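The values are calculated or read from the model by the stated rules, or taken from the named source; none is laboratory data. A quick note: this is a predicted structure, and the numbers were derived from the prediction, not measured. Glycine gets a Cβ as well: all are built from the backbone with ideal geometry, and neighbour counts include every protein chain shown. Accessible surface areas use protein heavy atoms only, side chains included; no ligands, DNA or RNA. Shrake-Rupley method; radii C 1.70, N 1.55, O 1.52, S 1.80 Å.
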Amino acid sequence: MADTTDLSLSPVQTAVTGSEFLGERREPLEALAEFYCALNARDMALMEAQWGASPSAEMDNPLGGIRRGWDDIRAVYEKLFAAPREYRFEFWDYTLHRQGEVFWVVGRERGYLETAEGRMELAIRTSRLFRWDGVRWRQVHHHGSIEYPEMLAAYQAAVLGKVSVPV
């Protein structure tokens, strides 16, 4: 693995959707695309492979608060995957950075979730960190936040059946 940094100095506007060719998943963008493939296909086995079922993985996400370890992270994806309506996410407006056996991306997710009331458009600030384990890239950290309280409350209500309380 090369020791390269700042693979994309200018934000990349081409979206990563999960429908890209995944190749051997040895390159950072292949790992990122694999995540969105698992997310959009509701593929729990692929999602677990992505995270490596690691007890040290961490996620801070609009649906789950801070979750530590794969078992807690899995529970968040189970709720999203069980949502009865269609959804789709993609990652864009991002920079990609790499230091040896670690890479991270910082950007935005956009997507939608179909609800009984119609289509809900989503905008999420997102960062993801991956570590090379000698075989493949594994996601070890994710942070996502929705900056609009009304959007956050509607998203949580649609997926979790609850409304967040502003603090």
Computed label-point distance, nm, for sites Thr17 and Ala157 using a 7 Å Cα→Cβ extension: 3.1 nm
Mind pulling up the Rg/Rh value for the range 21-80? Radius of gyration and Kirkwood radius, both on Cα. 0.97
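Quick one: compute the contact order of the chain, relative version, from alpha carbon pairs under 8 angstrom and 6+ residues apart, as a percent. Walk me through the intermediate numbers first.
Working: 326 pairs, mean separation 38.2, N = 167.
Contact order relative to length: 23 percent.
Of the accessible area of the chain, with the probe set at 1.4 angstrom, what percent is carbon plus sulfur? Mind dumping the intermediate values first?
Working: 4380 of 8430 Å².
Accessible surface attributable to carbon and sulfur in the chain totals 52 percent.
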Mean-square fluctuation maximum in Gaussian network of the chain, Cα pairs under 10 Å, restricted to Ser54, Ser145, Ser19, hits Ser19
Other residues with Cβ under 13 Å from the Cβ of Ser127 give, with Lys and Arg +1 and Asp and Glu -1, a net charge of -1
Helix-derived mean residue ellipticity, 222 nm - over the chain, DSSP H n ≥ 4, -39500 (n - 2.57), to 500: -8500 deg cm²/dmol
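About the Cα centre of the range 81-167, how large is the charge dipole given +1 on each Lys and Arg Cβ and -1 on each Asp and Glu Cβ? Please answer in debye to the nearest 20. Don't skip to the end; give the middle numbers.
Values: 12 positive and 11 negative charges, 67 e Å.
Rounded to the nearest 20 debye, it is 320 debye.
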The rounded separation in angstrom of the Cα centers of the range 40-101 and the range 131-148 is 8 Å
Where does helix 70-82 land angle-wise versus the long Cα axis of the chain, in degrees 0 to 90, nearest 10? 50 degrees
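So with the 1.4 Å probe, I'd like the accessible area per residue for the chain, rounded to whole Å². Kindly include the intermediate steps, with their values, before the conclusion.
Numbers: 8430 Å² over 167 residues.
Accessible area per residue: 50 Å².
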Starting from the Cα gyration tensor of the chain, take the square roots of the eigenvalues, sort them a ≥ b ≥ c, and report rounded, prolate or oblate (rounded when a/c is under 1.5, otherwise prolate if a/b is larger than b/c, else oblate). prolate
Among 115-127, 97-109, how do they line up by average Cβ neighbours within 10 Å per residue, starting with the highest? 97-109, 115-127
Charges at C-beta only: +1 for Lys and Arg, -1 for Asp and Glu. How large is the resulting dipole of the range 1-153 about its Cα centre, in Debye rounded to 20? 140 debye
Checking the a/c ratio against 1.5 first, then a/b against b/c, what shape does the Cα gyration tensor give for the range 57-114? oblate
